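Worksheet: the structure to be examined is printed underneath.
What follows draws every value from the coordinates through simple rules; no lab data is involved. A quick note: this is a predicted structure, and the numbers were derived from the prediction, not measured. Please note: Cβ atoms are built from the backbone with ideal geometry, for glycine as well, and neighbour counts cover all protein chains shown.
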Amino acid sequence: MTSAYSDKYASSDTLTGLGDKEAFSREFTRCIADKASEHSVFSLIIIDIDHFKSVNDGFGHRRGDQILAEFGKRVLEVSREKDMVFRYGGDEFTGILHGTDLGEATKFSSRLLEKVGGEEFNGSPPLSITLSIGIAQFPVDGSSVRELFDSADRRLYAAKRSGRNRVVSADDPDLLENGDNIHGRLLGREKELASFMLFTEEAGEKGRGFFLVMGPDGAGKGSFLDAAASLLSLNEYKLIKVSGNRADLQRPHSAIAASLGCKPDGNTVIDALYSYAGSSMSLGVFLEDMHLIDSASIDDVMKFYSIYPGWMVVAASTERNVMKLGSEFGGVSSSIRLGPISQEDCRAWFRAFLMWDPPEDFLMWFYGETGGLPGLFAQGIRHLERRGYLVSTGGSYRVDSDCVNFLLGNRLAFGTTAEINNLPVNLTPFLGREKELSRIRDLFDAQARLITLKGISGTGCRRLAIRAAGQNESVFTSGICLVDCAAGVEPVSVRLAAELSLPSGKDPEAGIKSFLADAVMLLVFVNVSPGTEVVSFISGLLENCPGVTVLATSRNALEIDDEVVVPVGGISTARHSEGVPSDAAAVFIQAAERFAGVRFSGDLDLDVVEDICALVDGVPVAIELAASWIRVMSVSSIYRRISANPSFLGGRDEEETADGFSDLFQHSWEQLSSEERNAALRLTVFAGHFTVEEAEEISDVPLEIIMSLVDRSFLFRDDQGIHIPALTSDFIIQEGNPYSRGFEVAREMHCRYFAHRAEFFGEMARTGREAGRGFDGIKESFSDISVAWKFAIEKGRYRFLRQMLGSVFIYCLDRGRFRTGFNMIKEAVSNSTPEISPGLTGILLSSQSLLAHRMGRIRLSQELMEQALETTADISDSDRASILFTRGRMMVELGQLSSAKDYLDRALKIYTDQEKHIEALEVELEILKHNLESGNYSLVRSTLPSVAEQCRRHSFLRGEWKTRLYMGNLAAADGDFRRAREAFLSYLSAVKTAGYTVLCAKALSEVAGVEASQGSYGEAEQHYLASAEYYRKIGSTQGQAGIKLNLAVVNQMRGRGEGVRKNYSEALELGEKSHDENIIANSLCGLAFNSIESEETIQAGSLLKRAAGIAIRSGSKPILIRALYGLAVLDSMNSNPVRAVLTALALLHNKATDSEAEVFCMELIGTLRKDLGEERIEELKQDADTVTLGEVLDMYTDTVETDNNSGYRTT
């Protein structure tokens, strides 16, 4: 390197001899200032050595330094005296070419490309390198340091995106249009790419590797996989990309076959993979959206992964851990989770892809609305451009000042191409109207452009229109927009523009027509008055927007060409069958229950209700008005009042009735300001009480307006907070308020708020950390959680549904609201769309199954659980684990112990692999319970301390408390009742303080059992009765049956024979009702021993045979031991002492025999010792040492029918 060349720079890089970064900064700043005053040009170039990191990684930094030094020499060879090149950092260089325009700069860069890439670089080994170069000219491409550098930098990355080894001196005009598919510069993912590079190194050493990329939609998982593929291609990997879709999830081998172009057959796919790999010994398989790829295709990749002789890397992206985890692939396993990028990286995105530096306030707003997820950026820009908030001005963009009022985040939250769906949520189930709905559906199918629902006020036209629109949502790909046309200040065009979130301050009609010109959208106009400007506006829309369909409600036809009128009268009063209410009566009952706050289970006179509905001709508003009086009079009184005075409800005939009440409401309504009306509408999202803070956060209603609405009796205050009376709320929603902007947002915010609230309180209840506060929070918010639940179902907000599920489930279980929880989950499953994940569907079904189990509907419970297992058969993530856990838990409760362990073990493995600590501990605790029930006490003793310690370490208080319960169970099994009592009381104190209902009942039962064992029968009975009261309150049949068993034992200890038989019979009846095999078998054993005491040996034998058979089938060792002991006692009574003693000795040697059973066995042997003699007893002891329970069973094969599928032959 010549000193003259180095002398050009204020400071230079010692390795290359070129200028350094500091010298470049000085020279670049000076040039901008000088050239601007001299009106002369220069060009800036940015150079990047392609894949230089692979040189350092593959051949060491020493070889890399040799390449850089040689590169500096080759730069000198093509440079003129006035050309200045600098080492900007690492393998990136910059150049300032004085007096040079883009054409000359391109020639210089081309010479440099040829010089660098034309011959190998000397050294060991010789290497070839290429360059990517971006060029910008001053002042054409920028007149400031930032503008010019960004232009060159943007073009450098364009060169990389285009395949590298090239020069780019102009921007790509199609860049924004293809924004969704841009996979070039991976902004803000340097750390994650470094992780992938480290992974490839480790995978290269072992020959195998699996890399998982997780993150929400919009996080850029696809872009990351493309960047990863580019990195693998440098190492001569042959690449194949496999992607799936929801429609083909059930088609085996479809995804991999489509990528390979072969038949969807397992063997054919493997052959095609070998053919594709060819002579290459390195293969990279990329599974994009793994959760949408059929499981057979995943299995094909796994199979090939295990047999391919060369190096193989599998990289996958997914929203969650699904199907096959890295540990199942083998080799090196690694994963990353992509989240938001930084705001500065968001700015870089605008510079790179829009060639625009956005204003700071706009950038902050846009970043917040998109959540910083780069995959949503281009979609967000399209929404802004469609509405005119962002306007291209030739090389730049102009931002409308009203932009910040546009709720971009809500638009992006739809997750579809729909621009809007502002249909309100139905607060109560929709009843009847099947004929009208079918008619409207047929009209949509026939592509009718204008459908008018004609009916008087109060007939429910508005609600019918909303229902019909929601049912046909999929037909209108651009969305559905509802506008209330009731009399108001603003023209309908202004209101529609506001609902569509178009900029204010512009001609609304022109903006609407432009926006809807190519849209396929349903516009729902309610409360349209014929002959008004609304009718002309609708006519103009239909003429200018060919993809728009209008559904209107009005008292009369609108008289527009091609209008189809659908008459809407009262709801049908025809009864479906005897005892089943008509649609109109069902509306009355529903409303009456809502107003009274209770459910009517057959105590309403249905005939009178039907007569009331007939009197008002089935008009919905009149029916609800009549039902509202249920709080102060009976249905008979309501009927008499209406019959005697038709104006009782506000008018003398159906129209006057509806209008009369509507007029009363409207009179008060019209006294409110527009701001108050708008606020009242937004507050109707609340189903229960709310605070001022919640009103402000969710509905954006300030304190002064709340107080004004309270003063005007639209809101009421009490000690629980603020609430809207049900009838007032219904009329605000149904009769409408023209100032409806923001209502959809309030519903969305309400759903988000209460979903988060439910998740927060649910986690408290689940873990035990402030569980009482958690249960109280769920109870106080349950009405609003229910409304949020409905909204999430109707709008497909499954993320919010998942957030609420845990709290709904645990609350309904602990508070005995089994039917409520069951119906809520049933509604979610029944109304789910294809967008719901199989995992969430499975969890919903399994939760519904457990609730059905608690309700005593065992067959339905089993059917639901089978559906849950089938739905998630192809996944192995935490959702699957939750279902397996629920299945195992239910089997333990039913006493089906032999089968339960497999489900619990599989659930534990998944949770452990995914490091779900709390969930894994819940499973481990259930396994401990399983082992206790199975009599594996030594195993429980060895594992219980470590589980308790893990619970403490992870702050899982409920789990730690449960270990105290199990410590008490172990102590009781050992006969240490003092220690057992202390453990149970400690557990009772903890769960009672925390606020758990079911756990308190169980703890009381355990304390009672200890009291009984110590002879404190009176105290034991009191504890059992207190426990039974808990179970009675929550409707637990199993719990009550268990208490009956315990009371039978207490009565037996007290010598009350009749009480014993009665309690066991009651327990048996309850056990059979709940299909609980443990309770049934225990009840049979109890009745059998009671019969033995009465010397009813034949009946006792029959009962013990049934008990033994059930115990064999369920795998419950303690119950089987009890039944076998009973059979041994019968042997002693029936002159078969040898088998009796051998059975007793064998039971003494079994680990599942508790201390109480041991005492009974020893007493039995003692009573028979004289009959057999010591020598014979000793002989039998030797035989018993090797006798297993299976052999004991064989001795009774003539009396016990075993289940060949039970697998029960354990020592």
Percent RCO, i.e. relative contact order, over region 343-413, from Cα pairs under 8 Å lying at least 6 residues apart: 30
Rounded if a/c under 1.5, otherwise prolate or oblate - the chain, Cα gyration tensor axes: oblate
Cβ crowding within 10 Å averaged over residues, with 119-125, 931-937, 921-927 ranked highest first: 921-927, 931-937, 119-125
The chain, helix-only ellipticity at 222 nm - DSSP H runs n ≥ 4, -39,500 (n - 2.57), divided by all residues, nearest 500: -19000 deg cm²/dmol
Spacing of the two label points (7 Å from each Cα toward its C-beta) at SER514 and GLU344, in nm: 3.8
Listed residue pairs exceeding 25 Å between alpha carbons, taken from LYS221/LYS909; LYS826/LYS929; LYS206/LYS241; LYS1073/LYS1117; LYS107/LYS238; LYS206/LYS238: LYS221/LYS909; LYS826/LYS929; LYS107/LYS238
Burial ordering of ARG859, ARG1056, fewest other beta-carbon atoms within 10 Å first: ARG859, ARG1056
Residue list for region 1078-1097, given a label point 7 angstrom along the Cα-to-Cβ vector of SER1135 and an amide N cut-off under 17 Å: 1097
Angle between the chain longest axis and helix 878-893 axis [Cα atoms, degrees, rounded to 10]: 0
Distance between modelled label sites at ASP1183 and ARG80, nm, 7 Å Cα→Cβ extension: 11.3
Gyration tensor (alpha-carbon) shape descriptor, region 1088-1173, a/c threshold 1.5: oblate
Cβ-derived FRET efficiency at R0 51 Å, ASP171 paired with PHE760, nearest 0.05: 0.60
Charge sum, other residues only, whose C-beta stays under 11 Å from ALA1008's C-beta, Lys/Arg counted +1 and Asp/Glu -1: -2
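Among DSSP bridges having both ends in the chain, what percentage is antiparallel? Round to the nearest 5.
Numbers: 31 of 84 bridges.
For the chain, the DSSP antiparallel bridge percentage is about 35.
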Rounded if a/c under 1.5, otherwise prolate or oblate - region 745-859, Cα gyration tensor axes: oblate
Estimated FRET transfer efficiency (LEU437, GLU593; beta-carbon r; R0 25 Å; 0.05): 0.55
Relative contact order (%) - the chain, alpha-carbon pairs under 8 angstrom, separation at least six: 5
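Please arrange ILE836, ILE825 by counting, for each residue, the other beta carbons lying within 10 Å of its beta carbon, fewest first. Don't skip to the answer; put the middle values down first.
Details: ILE836 18, ILE825 26.
With the sparsest Cβ surroundings first, the list reads ILE836, ILE825.
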Using θ = phi - 60° and Karplus 6.51 cos²θ - 1.76 cosθ + 1.60, couplings along region 681-694 (whole Hz; Gly, Pro as x): 4, 5, 6, 5, 5, 7, 8, x, 6, 9, 9, 4, 4, 5
Burial ordering of SER1091, SER989, fewest other beta-carbon atoms within 10 Å first: SER989, SER1091
Degrees, to the nearest 10: 606-615 long Cα axis against longest axis of the chain: 40
Theoretical gain in end-to-end length, SER396 to GLU328 [0.36 nm per residue, Cα-Cα removed]: 19.4 nm
Degrees between helix 266-277 axis and first principal axis of the chain (Cα, 0 to 90, nearest 10): 30
For region 3-172: relative contact order, % (alpha-carbon pairs under 8 angstrom, 6 or more apart): 26
Peptides ranked, highest mean first, by Cβ atoms within 10 Å: ranges 1139-1148, 1094-1103: 1139-1148, 1094-1103
